[in-house]
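Below you'll find the structure, written out as structure tokens, and then a few comments.
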Amino acid sequence: MIQLTNVSKRYENGVVALNDINLRIEQGEFAYLVGPSGSGKSTLMKILYREEIQTQGKVVVGKYHLNRLKPKDVPMLRRQVGVIFQDFKLLPSLTAYENVAYAMEVTGKSRKEIKKRVKEVMELVGLRTKVNQYPNELSGGEQQRVSIARAIVNHPRILVADEPTGNLDPENAIEIFRLLERINQNGTTVLMGTHNDHLVNEFKHRLIRLEKGNLVRDEYEGEYNEKH
Ligand code: ADP
Ligand code: ADP
């Protein structure tokens, strides 16, 4: 469960990125987060995985009350919240396998457990045959699959996806989207920031819309008609 109560975020330079947001997303939901560029989508998602801290209001992510989160608890929070990005953010000097295993090594699991789980998630994302390739030897769609594998390897309850299809052609975009839906069907909450109106209109899910830091719309199975 994700719950924001009267959450605002004001950056150091005075920009108010979020203004008094109230939002509750239940465990297992799939929600799109839409809105024009600069409307606060990334900021909202960053708050959930503690890349930014709200300047006002209360945030609960699963069992974590972020207002009371200590720096030493941040790694635990991040195991509960997997994140994927538009630009993948893979480590270029590590193979696909190593990128995913690395995320698990910090949890102190044994080499054997890591090997088994990494194999399992690489299989799930359809990259079994490419585990030894480096990011620059993979297509964009494949790199995003590696980043999804990395995000889910520690069994997070929540997956935050910030414009995950933004760098992909329509065919790869849909495949990545389908993969996120599949992960959601296994019980993981998915919050997906996107500009992809085709996906949003074609595959109905809860639709949360921000404009200038305000939550202006929150509906189930909404139609998305934004011109940009
Ligand atoms: P979106 O993801 O919807 O494009 P963002 O959350 O990235 O929106 O940005 C919301 C607003 O906050 C924008 O006006 C942006 O310029 C501003 N902003 C984002 N990050 C920072 C930052 N680190 N410092 C100052 N302003 C920021
Ligand atoms: P797409 O058609 O999806 O954009 P690419 O044309 O980039 O994909 O790549 C097609 C296939 O070739 C992918 O499966 C990728 O793994 C492989 N590939 C691409 N570049 C390299 C490379 N430098 N070394 C090895 N394999 C590569």
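Quick note: the coordinates plus some simple rules give every number you see, no bench work behind them. This is a predicted model, so every value here is computed, not measured. Using ideal geometry, Cβ is built from the backbone for each residue, glycine included, and neighbour counts are taken over all protein chains shown.
Placing a label point 7 Å from the Cα of Thr129 along the Cα-to-Cβ line, no residue of region 140-176 has its backbone N under 14 Å from it. Along region 24-36 the Karplus relation, 6.51 cos²θ - 1.76 cosθ + 1.60 evaluated at θ = phi - 60°, assigns HN-Hα couplings of 9, 10, 6, 4, x, 6, 10, 10, 8, 10, 10, x, x Hz to successive residues, with x for each Gly and Pro.
In terms of packing, defined here as the mean over residues of other Cβ atoms within 10 angstrom, the peptides 110-122, 94-106 line up highest first as 94-106, 110-122. Going by the alpha-carbon gyration tensor, a ≥ b ≥ c the square roots of its eigenvalues, is region 115-228 rounded (a/c under 1.5) or, if a/c is not under 1.5, prolate (a/b greater than b/c) versus oblate? Because a/c hits 1.5 or more and a/b exceeds b/c, region 115-228 counts as prolate. Counted residue by residue at 0.36 nm each, then reduced by the alpha carbon distance between them, the extension gain from Arg178 to Asp20 reaches 53.6 nm.
Between Glu113 and Arg10, what is 0.36 nm times their sequence separation minus the Cα-Cα distance? Round to one decimal in nm.
On the way: separation 103, 0.36 × 103 = 37.08 nm, distance 4.24 nm.
Result for the pair: 32.8 nm of gain on full extension.
Report for the chain the percent antiparallel among DSSP-assigned beta bridges with both residues inside it, nearest 5.
That works out to approximately 50 percent antiparallel.
For region 110-164, the convex hull drawn through the C-alpha positions has a volume of 87 cubic angstrom per residue.
Quarter the surface of the alpha carbon convex hull of the chain and you get the mean projected area, 12.4 square nanometres.
Give me the tail of P(r) for region 134-189 as a percent: Cα-Cα pairs with distance above 15 Å. Taking all Cα-Cα pairs of region 134-189, the fraction more than 15 Å apart is 46 percent.
Under the convention that each Lys and Arg Cβ holds +1 and each Asp and Glu Cβ holds -1, the size of the dipole of region 16-117 around its Cα centre is about 560 debye. Counting only alpha carbon atoms, the long axis of helix 170-185 and the longest principal axis of the chain meet at about 90°.
If each residue of separation counts as 0.36 nm, what is the full-extension length gain between Asn186 and His155 once their alpha-carbon separation is subtracted? Don't skip to the answer; put the middle values down first.
Details: separation 31, 0.36 × 31 = 11.16 nm, distance 1.05 nm.
This chain segment gains 10.1 nm when fully extended.
Calculated mean residue ellipticity, 222 nm, the chain: -9500 deg cm²/dmol, from DSSP H runs (n ≥ 4) at -39500 (n - 2.57) each, averaged per residue and rounded to 500. Between the amide H of Glu163 and those of Gly193, Thr194, distances stay under 5 Å, these residues lying 5 or more places away or on another chain, with hydrogens modeled in the peptide plane. Here's how it looks for Val83: its modeled amide H is under 5 Å from those of Val160, which are all 5 or more places away or on a different chain. Summarised as an ellipsoid, region 1-123 has semi-axes of 30, 17, 14 Å, derived from the eigenvalues of the Cα gyration tensor scaled by 5 and square-rooted, with the largest first.
For the residue pairs Lys72/Lys130; Lys89/Lys115; Lys41/Lys119; Lys46/Lys204; Lys41/Lys204; Lys70/Lys212, alpha carbon separations beyond 28 Å are given by Lys72/Lys130; Lys41/Lys119; Lys70/Lys212.
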